[in-house]
Amino acid sequence: MGKVKNWIRAHLPTKRRLIQLYAALLFNANLKGFGKGRIYQGPIKNICAPGLNCYSCPGASAACPLGALQNALTASNAKAATYMFGIILLYGMLFGRWICGFLCPFGLIQDLLHKIKTPKLKKSRVTRVLSYLKYVILGLFVIILPLMFAGKDVILPAFCKYICPSGTLLGGIGLLGHPDNAEQLGMLGPLFTWKFVLLVIFVVASIFIYRFFCRFFCPLGALYGLFNKIALFGIKLEKPKCIDCGRCLAKCEMDIRHVGDNECINCGACISVCPTKAISWKGSQVFIAPNEIAVVKAAAEKDAGEETKKAAERVEKTVAKRKFVTKIVAVVLMLSLLAGALVYYNVLDKGTAVTPPVETPVGDTFNPAENKGKVTVINFWGTWCQPCKDELPHFDELATEFEGRATFLILNTEFEKEKAPDYIATHFPESKMLFGYDAGDAYFQTLGGLPGAYPMTVVLDVNGVIIARHPGAVSYEELKADIEKGLSAGPATGVVLPGKNVGNLCYGQEFALHNAKSED
């Protein structure tokens with residue numbers, strides 16, 4: 001029985017682990033998203049969570065500050081960029097890298113991976129040098145590359161798009177793991193393959209190296225680390241008490257050079273090993289009144305009298321009571337917040353999709369609203385996608401067959417804006433189809449497409465109601481049947497895709513067409 005109790009005690013979650021689990025659930029409170037295989041896009045999604053928590057995760061109830069910052073920079077939106085810098089500044093000044101240690105869901109995942117019993121690679125001079133890599137990633141992928149594409153009709157959140165493992169695991173795989181989206185597994189492009197390989201590397205490395213991604217690659221941690229010394233929350237070192245024994249550095253698994261520096265995630269592991277109690281939590285004396293501090297200091301003197309020591313004991317008991325009451329109040333408030341979030345996201349809020357902003361048109365434009373009375377076929381494709389290229393001849397044939405009665409809008413991905421026109425000019429020089437690009441892949445995602453999963457075809461009837469959505473290649477016969485159905489549609493009923501009320505979603509949106517195509 002004693003062994004069982006000891007095992008239970010040894011495996012009970014620490015306070016830090018409980019806070020990590022709480023934060024992960026709070027920032028992913030949209031549990032119904034996992035059941036439906038869809039992301040939450042309601043109004044509260046405009047609020048940023050403090051940690052690395054992908055916007056595209058089915059459960060995500062808030063946005064990722066890093067992704068929002070990149071989008072603001074690449075969209076040349078000064079107000080949005082100022083807002084995002086302000087949010088990150090606020091989080092940094094309040095918490096610093098305490099966020100990494102306690103509130104980041106992907107940090108929790110890395111901690112759990114490192115719990116797997118295997119030989120571990122200890123920190124060294126090499127890992128300390130590698131810790132600077134995240135600052136390079138911050139400058140290049142979060143700031144420079146998004147700014148390079150600012151004002152060019154291309155939204156490029158470079159870190160999210162090419163590196164972020166949280167987006168691949170929680171967003172990509174989180175969505176693809178749902179049965180309704182499984183059919184899109186066969187349509188994933190090279191970009192997803194690249195990110196999946198990176199994810200595998202990060203996951204495997206995190207088993208052997210403590211917080212592999214956090215220490216060497218995370219630009220959000222690099223940003224928050226700049227605020228560690230001035231943050232209100234975190235750990236502090238009282239230098240007069242420090243004897244330079246080095247126990248704190250030996251205990252810490254991060255690449256710190258001293259307690260509380262840029263690499264410190266404020267986990268608090270060093271507090272328990274400090275022999276002189278020189279390390280403590282910031283604000284730990286907030287429960288002690290100024291006059292009580294004097295009593296405690298007096299009792300610590302060698303020549304302190306008995307009365308002084310008794311007074312100090314009374315102060316300690318009073319402070320303990322204050323801390324206990326504060327903890328109870330904090331727990332009640334935290335649980336109330338979590339319960340409220342779970343009820344709101346899963347019961348009260350319907351998560352209405354937010355229509356993406358319309359990009360500035362380049363060259364000619366096509367507005368589906370002007371196409372009422374005709375069937376509209378919208379196809380999303382890419383030159384790298386073989387199923388996409390295989391089905392385009394069928395689309396071209398049907399565009400000729402239904403000329404005047406159906407309009408075919410063929411949209412390539414935004415990162416192929418420069419490459420696609422050459423392919424179009426070579427293979428479809430006299431086509432009746434309209435070729436354009438989907439800036440930022442905004443409409444592809446709004447219509448239910450998953451990142452990197454192409455092709456996808458959406459058919460709107462003569463009233464502008466979506467009557468079919470084909471994730472993956474569609475045959476000549478299937479598409480022809482959809483067009484004929486759309487032409488015979490009666491008055492609009494507003495009934496669209498099962499479980500997704502997006503009637504007339506495309507109308508009112510303009511798609512930029514390739515200049516090369518408009519000149520043919």
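The values are calculated or read from the model by the stated rules, or taken from the named source; none is laboratory data. The shown structure was predicted, so the numbers you read here are calculated from the model rather than taken from an experiment. Here Cβ is always computed from backbone atoms with ideal geometry, including for glycine, and neighbour counts include all displayed protein chains.
Quick look at the numbers
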{"item": "Matching residues, segment 371-407, being in contact with a helix residue (DSSP H, G or I) (Cβ under 6 Å, 6 or more places away or on another chain) and of a type in the set (Ser, Thr, Tyr)", "result": "Thr376, Thr383, Thr407"}
{"item": "Filter result (part of a loop (DSSP other than H, G, I, E, B) and either surrounded by fewer than 20 Cβ atoms within 10 Å (Cβ to Cβ) or among the aromatic types (Phe, Trp, Tyr) (or both)) within segment 474-485", "result": "Ser475"}
{"item": "Residues within segment 379-411 that are under 19 Å from Asp461 (Cβ atoms) and either among the polar types (S, T, N, Q) or over 39 Å from the mean Cα position of the chain (by Cα) (or both), tallied", "result": "9"}
{"item": "Test: Leu156 is buried (at least 19 other Cβ atoms within 10 Å of the Cβ), in contact (Cβ under 8 Å) with a residue 60 or more places away in the chain and under 23 Å from Ser206 (Cβ atoms)", "result": "no"}
{"item": "Helices (runs of 4 or more DSSP H) lying entirely in segment 210-262 (those with 1 or more residues that are assigned by TED's automatic domain parsing to the domain that holds Ile109, modelled with pLDDT of 95 or more and surrounded by 15 or more Cβ atoms within 10 Å (Cβ to Cβ))", "result": "212-216, 219-225"}
{"item": "Number of positions in segment 398-429 that are surrounded by fewer than 15 Cβ atoms within 10 Å (Cβ to Cβ) and either hydroxyl-bearing (Ser, Thr, Tyr) or on the phi < 0 side of the Ramachandran plot (or both)", "result": "10"}
{"item": "Within segment 328-355, considering residues that are under 22 Å from the mean Cα position of the chain (by Cα) and either at pLDDT below 85 or not in a helix (DSSP H, G or I) (or both), the one farthest from Ala23 (Cα to Cα)", "result": "Thr355"}
{"item": "Qualifying residues in segment 430-444 (those that are crowded, with 18+ Cβ neighbours inside 10 Å and assigned to a helix (DSSP H, G or I)) - the one modelled with the lowest pLDDT", "result": "Gly440"}
